[in-house]
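What follows is a single structure, written as structure tokens, with notes after it.
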Amino acid sequence: MKRTLGTCYYPEHWPEEMWVDDARRMAEAGLTWVRIGEFSWSRLEPTPNDLQWEWLDRAIDVLGSAGLKVVLGTPTATPPRWMITRHPDMLAVDAEGRPRKFGSRRHYCFSHLGYREESRRITRLMAHRYGRNPHVAAWQTDNEYGCHDTTISYSDAARVGFQEWLAQKYQSIDALNRAWGNVFWSMEYADFGEIDLPNLTVTEPNPAHAQEFRRYSSDMVVAFNRAQVDEIKDHSDAPTSHNYMGRVTDFDHFEVGRDLEIATWDSYPLGFLEDRVGADAEHQRAFARQGDPDFQAFHHDLYRAVGHGRWWVMEQQPGPVNWAPYNPTPLPGMVRLWTWEAFAHGAEAVCYFRWRQAPFAQEQMHAGMLRPDSVDAPAVAEAMQVAAEMQDAPDVQPAQAPVALIFDYDADWAWSTQPHGDGLSYFGLVFNHYRALRRAGLSVDIVSKDTRDFTGYRLILAPGLVHMPDDLKLALDDTKAHVLCGPRTAARDQYFNIPHPLPPAIPGLDLYISRVESLRPDMPLALNGGGAVIGYSEELEGTSEAVLRTQQGAPVAMTSDHATYCGGWLDDAGLDRLIALLCGKSGIATRAQPEGVRVRQTATEEFWFNYSATAAETEHGSLPPAGVLRRKL
Ligand code: GAL
């Protein structure tokens, strides 16, 4: 397959006379794809049922005639103002009970059936008009579900929907009361209609209640998306996609991904470093112009799984963005590095956001490939360099990694429902494991909790997977791989109760957790031999062999030939030791990487990326800052 480049374009932002030249310059820059349409509803339907397709017909025609392929976005992330007049109760409601206002974007509640129908209607009309258009080669549903904290809404529509969802799931109110333990604090209900949303309670709500509301809210995103996909599929054979984000875990992306052919995501390495990675100030300073060395790769690997192998970067940062606490310019070469890194992880396409910087409205301070005056911004040259390099180079051949890391959205909600200590997050825990694997020079596949066939993996990690279904335990026990669990893996049943007998009940390990504690940042538990438990610690009892212990002698990790359980949140030094130990057990060779250097293997090649701001010495020579090294295996 030929990997390709693209950009995001807003023809409705520019006078029509500019379109032809823009399209020509895109094609000349080596771009294949152009995504359009995703915020254009007020121009497509300025007043209800007054549909204005002609401008979009012409835009698609101009772009297609220049040889570009169009990704057409449904415009439902930005319902126009008249929609709010029509459905005043469609606005999402925040946890304080306040409706979120019109005047930016994503101002809708996923549970509102009237709006879901409107979104289905505009999608149907669009698919009907463009489903067979030869230039429309892919679809994007909506834009960034969940962005700006919009998955969860405490609206009336959500309350009613949640009650129905619970009635379906539990069938009887007694079953729900029992499953949730509602006898505690006299929280028992007589009827599903009495159950409110878990916000504005005096103190914390029942975690089972909170967790079920998270699951319900995620299901509403899936249903909203599916309504659009159904309409598109009726009229078009082009693949469907959605553009997900970095570290947004409020809905189950694997579930949404089941209904789409391609997963895409929006990669803003410098914005994320300031906003989402959760690193300390020193790390942020060191990587301020390059981005975190693992954050992009983690999402590449995650979305490859969400897209069943087919994934793109739909929006790639081209220069400074506007939305993070600080928005520096990337180091020269980083746009090229980010692009090649995506390809090394198997991306089919990388599209830069956006074509031309907007001189008006919210994103004036967000760079594009062109400046507002249409002169090339630095990203163009780097994109053109990648396009030229792609011409000469063999195609990337993705390969299965030796290590699988399970990522689960439900577990992420469980940790945030019941963190037990400040700063403890599932994403943070899994990402720390991912980083440690990459520091050891390993390529990683991220897989969902629904995976049952682990053929080919030598090491499987399932840290923090709060609810571990029994058949997953059995499937893992059946593999030839070594399996790492803990902390908190299998700690709760599906109703958020502590299982009996005590967790984790991992086949082949004789151990259970008798007590857990969270730790202040200034009270690490040092390990014998280096590293420490920080933040969270479990007391392990049992006869399995202890391979990590605190300096006081308490077991922290216990092992058998086939599985290891680690009962502590380890610092980096501790995790490096644990990963070395696991790789030893599973026969995987490791190669410690210089600071900021990361390696990714494909079937035939190895890619090396230097994220550090200085030259790095690798086993294949010196790599300059932003350097990419590609060599045959
Ligand atoms: C994304 C979004 C784009 C644009 C971009 C700016 O989250 O999908 O529409 O806002 O961020 O970085």
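The values are calculated or read from the model by the stated rules, or taken from the named source; none is laboratory data. Everything numeric here is computed off the predicted structure, so don't read it as measured data. Using ideal geometry, Cβ is built from the backbone for each residue, glycine included, and neighbour counts are taken over all protein chains shown. Heavy atoms of the whole protein, side chains included, go into the accessibility calculation; ligands, DNA and RNA do not. Shrake-Rupley method; radii C 1.70, N 1.55, O 1.52, S 1.80 Å.
According to the Kirkwood relation over distinct C-alpha pairs, the hydrodynamic radius of segment 23-148 is 15.6 Å. Each pair of Cα atoms in segment 98-144 enters the Kirkwood radius, and Stokes-Einstein at 4 °C and 1.567 mPa s then converts it into a translational diffusion coefficient of 102 µm²/s. When Rg and the Kirkwood radius Rh are both evaluated on Cα atoms of segment 485-552, their ratio Rg/Rh stands at 0.99. Among the chymotrypsin sites (Phe, Trp or Tyr not before Pro) in segment 44-105, none is located in a DSSP loop while being surrounded by at most 11 other Cβ atoms within 10 Å of its own Cβ. Loop-located trypsin sites (Lys or Arg not before Pro) in segment 551-591 (DSSP state not H, G, I, E or B) with no more than 12 neighbouring Cβ atoms inside 10 Å: R591.
The peptide list 398-411, 421-434, put in order of mean Cβ contacts within 10 Å with the highest first, becomes 398-411, 421-434. Sort segment 449-597 into rounded, prolate or oblate with this rule: let a ≥ b ≥ c be the square roots of the eigenvalues of the Cα gyration tensor; rounded if a/c is under 1.5, and if a/c is not under 1.5, prolate when a/b is larger than b/c, oblate otherwise. Oblate, since a/c reaches 1.5 and b/c is not below a/b. Quick one: grab the alpha carbon gyration tensor of segment 417-508, order the square roots of its eigenvalues as a ≥ b ≥ c, and give me rounded if a/c is under 1.5, else prolate or oblate depending on whether a/b is larger than b/c. It is oblate, given that a/c is not under 1.5 and a/b is not larger than b/c.
Over the chain, dividing the summed -39,500 (n - 2.57) contributions of all DSSP H runs of at least 4 residues by the number of residues returns a 222 nm mean residue ellipticity of -10000 deg cm²/dmol. With both residues required to sit in segment 485-633, DSSP beta bridges show an antiparallel share near 95%. Under the criterion of Cα pairs below 8 Å and six or more residues apart, the relative contact order for the chain equals 11 percent. P(r) tail for segment 125-228: Cα pairs beyond 25 Å make up 36% of the total. Panel note: the C-alpha atoms of segment 263-313, placed on their principal axes, show extents of 37, 14, 13 Å (largest first).
Is segment 1-93 rounded, prolate or oblate when judged by the Cα gyration tensor, a ≥ b ≥ c being the square roots of its eigenvalues, rounded requiring a/c under 1.5 and prolate requiring a/b larger than b/c? Prolate is the answer for segment 1-93, as a/c is 1.5 or above and a/b outweighs b/c. Each eigenvalue of the Cα gyration tensor of segment 461-520, multiplied by 5 and square-rooted, gives one semi-axis; in descending order these are 20, 13, 11 Å.
Applying both filters, DSSP loop and at most 14 other Cβ atoms within 10 Å, to the trypsin sites (Lys or Arg not before Pro) of segment 415-456 gives R452. The length gained on full extension between S186 and M365, counted as 0.36 nm times the residue separation minus their Cα-Cα distance, comes to 59.1 nm. Using the Cβ atoms and a cut-off under 15 Å, what net charge is assigned to the surroundings of A603, where Lys and Arg are +1 and Asp and Glu are -1? In short, +2.
Remark: the chain carries 39 Å² of accessible area per residue (probe radius 1.4 Å; ligands, DNA and RNA excluded). Atom-type composition of the exposed protein surface of segment 496-633 places 52 percent of the accessible area on carbon and sulfur (1.4 angstrom probe). Peptides 9-21, 545-557 ordered by packing proxy, namely the average of other Cβ atoms within 10 Å per residue, highest first: 545-557, 9-21. The alpha carbon radius of gyration of segment 200-341, expressed as a multiple of 2.2 N^0.38 Å, is 1.23. How much of the accessible area of segment 117-261, in percent, comes from carbon and sulfur atoms when a 1.4 Å probe is used? Ligands and nucleic acids excluded, carbon and sulfur reach 48 percent. Ordering T4, Q551, F213 by the projection of their Cα atoms onto the charge dipole of the chain, which places +1 on the Cβ of Lys and Arg and -1 on the Cβ of Asp and Glu, puts T4 at the extreme positive end. Largest first and in whole Å, the equivalent-ellipsoid semi-axes of the chain read 40, 33, 20, each the square root of five times a Cα gyration tensor eigenvalue. How large is the translational diffusion coefficient of segment 353-416 in µm² per second when you combine the Kirkwood radius over alpha carbon pairs with Stokes-Einstein at 37 °C and 0.692 mPa s? Using the Kirkwood radius from Cα pairs, D works out to 206 µm²/s. Within segment 524-610, all pairs of alpha-carbon atoms sorted by distance into 10 Å bins from zero give the percentages 16, 41, 27, 14, 3.
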